[in-house]
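Undergrad: Here it is: the structure, laid out below.
The values are calculated or read from the model by the stated rules, or taken from the named source; none is laboratory data. Fair warning: this is a prediction, and the values are worked out from it, not measured in the lab. Note that we place each Cβ from the backbone using ideal geometry, even for glycine, and neighbour counts take in every protein chain shown. Side chains included, ligands, DNA and RNA excluded: accessible areas come from the protein's heavy atoms. Shrake-Rupley method; radii C 1.70, N 1.55, O 1.52, S 1.80 Å.
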Amino acid sequence: MKRICWLFFFVITPSLFAQRLPQTAIPSHYSLFLDPLIAQKTFTGEETIDVRVSTATKEIVLNSLDLDITEAEVKTDSSAQKAKVTYDKAQEIVRLSLPAPAPVGPAQIHLNFSGKLTEGLRGLYLSKGAHRQYAVTQFEGTYARMMFPCFDEPSFKAAFDLTVMADKGDSAISNGSIAKDEPAGDNRHRITFSTSPKMSTYLVALAIGDWQCLSRRVDGVSIRVCAEPDKTQYAAFGLDVAAHSIEFYNHWYGMKYPFGKLDMVAIPDYEWGGMENTASIFYRDTALLLGGNNASVFRRRGQAVTIAHEIAHQWFGDLVTAAWWDDIWLNEGFATWMSRKPIEAWHPEWHLEDDAAEEAQQIIGVDSLTTARAIHGNPSTSSEIKEMFDGITYEKGAAVLRMLESYIGPETFREGVNAYLAAHVNGNATSADFWQAEAQASGKPIDKIMATFVLQPGVPLLSLSTSCNNGSDTLELKQQRFFVSPERLEAASNETWQMPVCTKSNKDAGGTCSLMTQPQQAVPSSSCADWVFGNRDAKGYYRVAYAPRDLKKVADAAEQRLNVPERIALVEDTWALARAGKTSVAAFLDLAKQLRSDENRHVVASLTRHLEYVGDSLVPSSQEISYKAVVRAQFAPLAKTLGWSARPSDTDEQKVLRANLLATLGSAADPDAVAAARKIVDEYMQNPASVDGTISGNAFAVAAENGDSASYDQLSSALAKAKTSDEYNHYLYALAAFRDPNLSQRTVALVDQGKVRQQEYPRFFGALLSNPAAREAAWKYLKDHWDSMAQKVTSFGGAGAVSALGNSCSAEMSEDVKQFFANHPAPGAQRAVQQSVEQIDGCIDFQRRQSGNFQNWLRNRS
């Protein structure tokens, strides 16, 4: 039984006491027949599960949720017994009770059942397209049990033979290929699929509808991208990404794609960006389909990485699967790390390594909270499993693997991965299995290093100082757990990491590496350096604190001597130490001024994000005009050099930088930026194809932020007439950006008017809660409708609406959030609630500690 922290904070629900399935019956094969009736929103099914009974038993326990089992029988070599069915909905199981024990050995469980096609984007559900509904599945983590009774745990891998009924004119896509398609009356047909690979239940897939597909063969593998009939014209880019990814992975893994065929399906209403179902990957349509030559750089890169992420899982996650959800980081962290590899090889000009560096720094920010969890978890309930799918699993997992690869070398790391896969093909594995494979490949203590980063929460703070004596330098290193909370940082903390520490200096650009295993450690150097940077290539998963004089030296050298990931890390470390009270906010603002001429989009984005936080937390309304002038002085010269109009010679990096500068300066009321945004919006609304897609989204946000009721009416009318997903998203999220509370009320009302797709709920409410003018209306709506909205807006890991509550800086909001969730459960988002409250309280504390420092800085600047 798991007890949630902060018991005063949450409602205890019956599902908190869910249990693991017993090991008395182990499945090996499912023969499954389904008859979904889309128009009636129901389905019936029949299945036979081949199992091996390991201990004689009168009871077999399976997972099942909201299914009506009408017949249950267990056959063994010696008997066939009818089973009594007992439902335990709280634990999401059914118990099959037998008159006499089933003996040890093979057995078959035969079940007839029925259920409803849900509308909740989980289980076997109704996905709403523009013209019709589709029956599709989403089973990760614990939702296969909503379509058929099963052993719904990752370690119970089995093969599946699936047969489905479909309406005339509809086709079906699943893990196997279609082996037989035969008429079944005038208006229906029966589709039988080939036997699937051996897989966990959460990887079973089914999509029924009038799909149309583009196809290609790559290295002997048939690849298809399938979509609604009027959207297949947008499938070519996804097919290109898949082809390149398969070719790359076939070489990198040293093992050909193992499943014969690969279908990728664009689902019109889907909670995830993508889901790695074995040989049949499902994506949100906007994550797979790409239309037009003017698609944004953000969109192309994001889709390419998402597609590559899901394909990477076919080896790492599907062929070899985590034994339990406590190690789901091994699937998701690896795929997040791996997904950039094929895309970097394909499009090196996209500089995805810089994206990885920025992503790592952002998750370090989350990992600096007192409520941060370890990568390795201890989930037992469906809600706790859902909560595992958060940034710690994905981004921290990827960042730690990035550090590990840098430490032992890319080729050695690859050898360890491939040895791990070869040892566990078609089976399950654990974190320990992985890092032992890497230790054997490298001859280094990877098992000891990884345990400190995976099994304990938080991020280390590396305090670095130098001393020079007789021409030799000594680096004095000290580690402790970093907290963004000043009180927690000052308190004693007993965590110690075994961490690779790599530095660089003006005397040694290549840098040196050492393994830090103690709380304090001295590293000698043969020569004295003017400056030492503490995280070469920013691949170490740690924060760095410099003595003030050393920070100034590093900052002075940054633009010329530090690469992009290192400059990102310098900005983020300096900001984090200001947040933690280790230095004044003035030190960060001075660093920002020193980097004013930096043209890299990631460095600019880091500076922008924190300057915006300063504006929201430290700037009183009487000084908003003065502070906006500071922001304009920081970024307007760079924008003037770049210009607001796209140029034929623009690189993708310049397009993204221009878009980011437009958003920043538009929020700072720069008249040129606001005018440019309005012009771009007007052009887009006349002809979307005439506008560079990279800048259009930010232009809409700026125009809305500086817009009036007439502008709102124009965009509201356009939303109703949107022809594509891009148009819909531009108009919808522009409406969420207006700064008039009365207009925000109208935006919230779009939900009840059915104008917001359910898949957009987490992001939509997240946008509203991030907008100070809309926060009150959005929060009130969520509280008033929580019973019906909770599952829809929490998403996995609490992303979206719940996490966005942390954007407030109000003591009243903090107390309101605490009080509300004391009486209302937040499924899969309990930790996200805790972290939101901590972030609100942290902002209030930052305000208290740094307001005086900020005012002094502002006066001295004048």
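Undergrad: Determine the principal axes of the Cα atoms in segment 1-209, then give the extent along each, sorted from largest to smallest and rounded to whole angstroms.
TA: So the three principal-axis extents are 54, 47, 28 Å.
Undergrad: Run the accessible area of segment 315-455 with a 1.4 Å probe and give the carbon-and-sulfur part as a rounded percent.
TA: Numbers: 1940 of 3810 Å².
C and S atoms contribute 51 percent here.
Undergrad: I've got another one for you. Let me know the volume per residue of the alpha-carbon convex hull for segment 484-608, in Å³. Kindly include the intermediate steps, with their values, before the conclusion.
TA: Values: hull volume 13.8 nm³, N = 125.
Each residue corresponds to 110 Å³ of Cα convex hull volume.
Undergrad: In addition: What is the spin-label model distance, in nm, from Arg849 to Gln753 if the labels are put 7 Å beyond Cα along the C-beta direction?
TA: Result: 4.5 nm between the two label points.
Undergrad: Rounded to the nearest 10 Å², what accessible area does Phe237 show when all protein chains are kept and the probe is 1.4 Å?
TA: Counting only protein heavy atoms, Phe237 exposes about 30 Å² to solvent.
Undergrad: Would you list which lysines come within 30 Å of Lys180, measuring only between C-alpha atoms, while excluding same-chain residues fewer than 8 positions from it?
TA: List returned: Lys41, Lys75, Lys116, Lys128, Lys157, Lys168, Lys198, Lys231, Lys256, Lys261.
Undergrad: If you add up the charges near Ser97, with Lys and Arg at +1 and Asp and Glu at -1, over every other residue whose beta carbon is less than 11 angstrom from its beta carbon, what do you get?
TA: Net of charged neighbours comes to +3.
Undergrad: A follow-up question, please. Within 10 Å, count the other beta carbons around each residue, average over each peptide in 227-236, 835-844, 481-490, and list them highest first.
TA: Numbers: 227-236: 18.0, 835-844: 21.5, 481-490: 19.6.
Taking the mean over residues of other Cβ atoms within 10 Å, the ranking is 835-844, 481-490, 227-236.
Undergrad: Given a 1.4 angstrom probe, I'd like the percentage of the accessible area of segment 712-850 that is carbon and sulfur, rounded to a whole number.
TA: On the way: 2490 of 5470 Å².
That fraction is 45 percent.
Undergrad: Please give the per residue accessible area of segment 1-209, computed with a probe of 1.4 Å over protein heavy atoms only, in Å². Could the numbers behind the result be given before it?
TA: Values: 8530 Å² over 209 residues.
Result: 41 Å² of accessible area for each residue.
Undergrad: Counting Lys and Arg as +1 and Asp and Glu as -1, what is the net charge of the other residues whose Cβ lies under 13 Å from the Cβ of Leu607?
TA: Values: positive: Arg567, Lys593, Arg596, Arg601, Arg609; negative: Glu358, Glu559, Glu572, Asp590, Asp598, Glu599, Glu612.
Net charge around Leu607: -2.
Undergrad: Give me the three principal axis extents of segment 315-455 from the C-alpha atoms, as integers in angstrom, largest value leading.
TA: Ordered largest first, segment 315-455 gives principal extents of 40, 34, 27 Å.
Undergrad: Counting heavy atoms of the protein chains only and a 1.4 Å probe, report the per residue accessible area for segment 632-683 as a whole number of Å².
TA: Details: 2270 Å² over 52 residues.
So segment 632-683 comes to 44 Å² accessible per residue, rounded to a whole number.
Undergrad: Could you check how many percent of all C-alpha pairs in segment 143-254 are farther apart than 23 Å?
TA: Numbers: 2727 of 6216 pairs.
Summing the P(r) tail past 23 Å for segment 143-254 gives 44 percent.
Undergrad: Still on this structure, I have one more. Can you tell me the Rg and the Dmax, both Å, for the Cα atoms in segment 753-792?
TA: 9.9, 25
Undergrad: Just to verify a number: FRET efficiency for Lys552 and Ala710, C-beta to C-beta distance, R0 = 56 Å, to 0.05? Can you show the working numbers first?
TA: Numbers: r = 51 Å, r/R0 = 0.90.
The pair Lys552/Ala710 has a calculated efficiency of 0.65.
Undergrad: Hey, another quick one. Based on C-alpha coordinates, I'd like the Rg and Dmax of segment 100-139, in Å.
TA: 17.3, 53
Undergrad: Going by a ≥ b ≥ c, the root eigenvalues of the Cα gyration tensor, does segment 605-711 fall in the rounded group (a/c under 1.5), the prolate group (a/b larger than b/c) or the oblate group?
TA: Numbers: a/c = 2.29, a/b = 1.41, b/c = 1.62.
It comes out oblate by the Cα gyration axes.
Undergrad: Averaging over all projection directions, find the projected area of the Cα convex hull of the chain and quote it in nm² with one decimal place. Before the final figure, lay out each step's value.
TA: Details: hull surface 144.0 nm².
Result: a mean projected hull area of 36.0 nm².
Undergrad: Okay, next question. With θ taken as phi - 60° and the coefficients 6.51, -1.76 and 1.60, list the Karplus ³J(HN,Hα) couplings across segment 271-277 in order, rounded to whole Hz; mark glycine and proline as x.
TA: With coefficients 6.51, -1.76 and 1.60, one gets 5, 8, x, x, 9, 7, 3 Hz.
Undergrad: Please check which bits of segment 381-407 a label hung off Thr430 would reach, taking the label as a point 7 Å along Cα-to-C-beta and the cut-off as backbone N under 14 Å.
TA: Taking a point 7 Å out along Cα→Cβ of Thr430, no residue of segment 381-407 has its backbone N under 14 Å.
Undergrad: Could you tell me what percent of the accessible area of segment 567-643 is made up of carbon and sulfur, with a 1.4 Å probe and every protein chain present?
TA: On the way: 1440 of 2860 Å².
Accessible surface attributable to carbon and sulfur in segment 567-643 totals 50 percent.
Undergrad: What whole-number distance in Å separates the alpha-carbon centres of segment 592-628 and segment 77-126?
TA: 59 Å
Undergrad: For segment 712-850, what's the radius of gyration and Dmax over Cα atoms, in angstrom?
TA: 15.3, 50
Undergrad: From the phi of every residue in segment 622-631, what ³J(HN,Hα) in whole Hz does the Karplus formula 6.51 cos²θ - 1.76 cosθ + 1.60 yield, where θ is phi - 60° and glycine or proline is x?
TA: Residue by residue, segment 622-631 yields 5, 10, 4, 4, 5, 6, 4, 5, 4, 5 Hz.
Undergrad: Using a cut-off of under 11 Å, list every residue of segment 487-529 whose amide N is near the label point 7 Å from the Cα of Glu476 along the Cα-to-beta-carbon line.
TA: Output list for this probe position: 521-522.
Undergrad: Between Asn378 and Ala773, what is the spin-label point distance in nm, taking each point 7 Å from the Cα along the Cα→C-beta axis?
TA: According to this spin-label approximation, the distance is 4.8 nm.
Undergrad: For the pair Asp740 and Thr412, how long in nm is the line joining their label points, each one 7 Å along Cα→Cβ?
TA: So the label points at Asp740 and Thr412 sit 6.3 nm apart.
Undergrad: Right, next: Can you compute the label reach from Lys41? Point 7 Å from Cα along the Cβ direction, backbone N cut-off under 15 Å, restricted to segment 746-787.
TA: Zone members listed by number: 758.
Undergrad: Once you have all Cα-Cα distances for segment 380-452, histogram them in 10 Å bins from zero and send the whole-percent values.
TA: Taking every Cα pair in segment 380-452, the percentages come to 18, 45, 30, 7.
Undergrad: Something else about it: How big is the equivalent ellipsoid of segment 15-100 along its three axes, where each semi-axis is √(5λ) from the Cα gyration tensor, reported in whole Å from largest to smallest?
TA: Values: eigenvalues 106, 64, 29 Å².
Working through the eigenvalues yields semi-axes of 23, 18, 12 Å.
Undergrad: Give the accessible surface of segment 315-455 per residue, rounded to a whole number of Å², with probe radius 1.4 Å and ligands, DNA and RNA excluded. It would help to have the intermediate numbers written out before the result.
TA: Details: 3810 Å² over 141 residues.
It amounts to 27 Å² per residue over segment 315-455.
Undergrad: Which percent of the Cα-Cα distances in segment 211-314 go past 21 Å? Display every interim value, and only then the final one.
TA: On the way: 1362 of 5356 pairs.
Pairs farther apart than 21 Å: 25 percent.
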